[in-house]
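> Could you have a look at this structure, given as structure tokens, before my questions?
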Amino acid sequence: MMPDRSREAELSTDEIRQFFEVGWVTRPALFGTDEVLSMRACFDELERTAGRMTDTGFHEGAYFVLGEKAGRQVIKRVVWAGGCQRYLLEVGRDARLTVPSAQLLRSAAIDQLLNQAHFKRPRDGVVFDWHQDITHRDKGNGSWTDVNGRGSYVQTLIALDEMTPDSGPLKFIPGSPKCGRVEFNGHDGHAA
């Protein structure tokens, strides 16, 4: 069980402004060494589980999206990873993530939609083309609605490994939330 960190988790006025102006807030070393080691152990077990699977599918409540490159298995992502690695669900409920999310949404109640694990192993070719995460809420059919005028969702991310140019780091476009929806031409990042 993780300790209650509600007070220390609150975003400052400057962090809230940065989120809506720039598009993100970073909090380095938010989780302690032991917590990161526990998360890594969960990822190691997810990787071992994927290694025993022959195709994309469910395992203990998690959905493993697998592929192949040069005869080698590729883990594209594990959706609902906390289904088989319960510690990841605890992390998703941690006040260090939920309190800032609730602040940004100006809501006392929030729902966790996804608990996803992404792997970028050496030479696996896993690439996530430029995109806006809103496209993954709507699925392109107009079924998603911003119910509170603040985006209605907040995405949190925990980087467990160092991100370098060689490891396929995440890239963000400062100020992009103010652009509305943008269609990208694939992985080059150019808007259509």
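The values are calculated or read from the model by the stated rules, or taken from the named source; none is laboratory data. As the structure is a prediction and not an experimental result, all values here were calculated from the model. Reconstructed Cβ throughout: ideal geometry from the backbone, glycine too, with neighbour counts over all protein chains shown. For accessibility, only protein heavy atoms count, side chains too; no ligands or nucleic acids. Shrake-Rupley method; radii C 1.70, N 1.55, O 1.52, S 1.80 Å.
> Is there any pair with a first residue in segment 160-180 that is closer than 24 Å to Phe43 by Cα and a second that is part of a helix (DSSP H, G or I) and small (Gly, Ala, Ser) whose Cβ atoms are under 7 Å apart and which are 6 or more apart or on different chains, and what are they?
Listed pairs, sorted by first residue: Asp161/Ser167.
> Filter segment 141-160 down to residues that are at pLDDT 80 or above and loosely packed, with under 11 Cβ neighbours inside 10 Å, then give me how many there are. Please lay out each step first, then the result.
So the first thing to find is which residues in segment 141-160 are at pLDDT 80 or above, and the list is 154-160.
From what's left, loosely packed, with under 11 Cβ neighbours inside 10 Å: 157.
The total comes to 1.
> Would you mind listing the helices (runs of 4 or more DSSP H) fully within segment 4-101 where at least 3 residues are open to solvent by less than 20 Å² (accessible area, probe 1.4 Å)?
33-52, 86-93
> What number of residues within segment 161-182 satisfy the criterion of being open to solvent by 100 Å² or more (accessible area, probe 1.4 Å) and under 21 Å from Ala81 (Cβ atoms)? Even if it seems obvious, please write down each step before you answer.
Just the residues of segment 161-182 that are open to solvent by 100 Å² or more (accessible area, probe 1.4 Å), to begin with: 161-162, 165-166, 171-172, 178, 181.
Remaining after also requiring under 21 Å from Ala81 (Cβ atoms): 161-162.
Matching residues across segment 161-182 total 2.
> Restricting to segment 83-122, name every residue that is over 29 Å from Glu68 (Cβ atoms) and touching a Gly at 6+ places or on another chain (Cβ under 7 Å).
If the condition is that a residue be over 29 Å from Glu68 (Cβ atoms) and touching a Gly at 6+ places or on another chain (Cβ under 7 Å), then Leu89, Gly92, Gln112 are the ones that fit.
> Taking Ala29 as meeting all but one of (1) at positive phi; (2) modelled with pLDDT of 95 or more, write down the number of the exception.
(2)
> Same structure, new question: What are the residue pairs meeting all of these: first residue in segment 97-124, first residue modelled with pLDDT of 90 or more, second residue open to solvent by less than 80 Å² (accessible area, probe 1.4 Å) and among the aromatic types (Phe, Trp, Tyr), Cβ atoms under 7 Å, and 6 or more apart or on different chains?
As it stands, the answer is Leu104/Phe19; Ala117/Phe43, since those pairs meet every condition given.
> Among the numbered conditions (1) over 24 Å from Gly125 (Cβ atoms); (2) touching a residue at least 40 places away in the same chain (Cβ under 8 Å), tell me where Arg40 comes up short.
Only one criterion is unmet by Arg40, namely (1).
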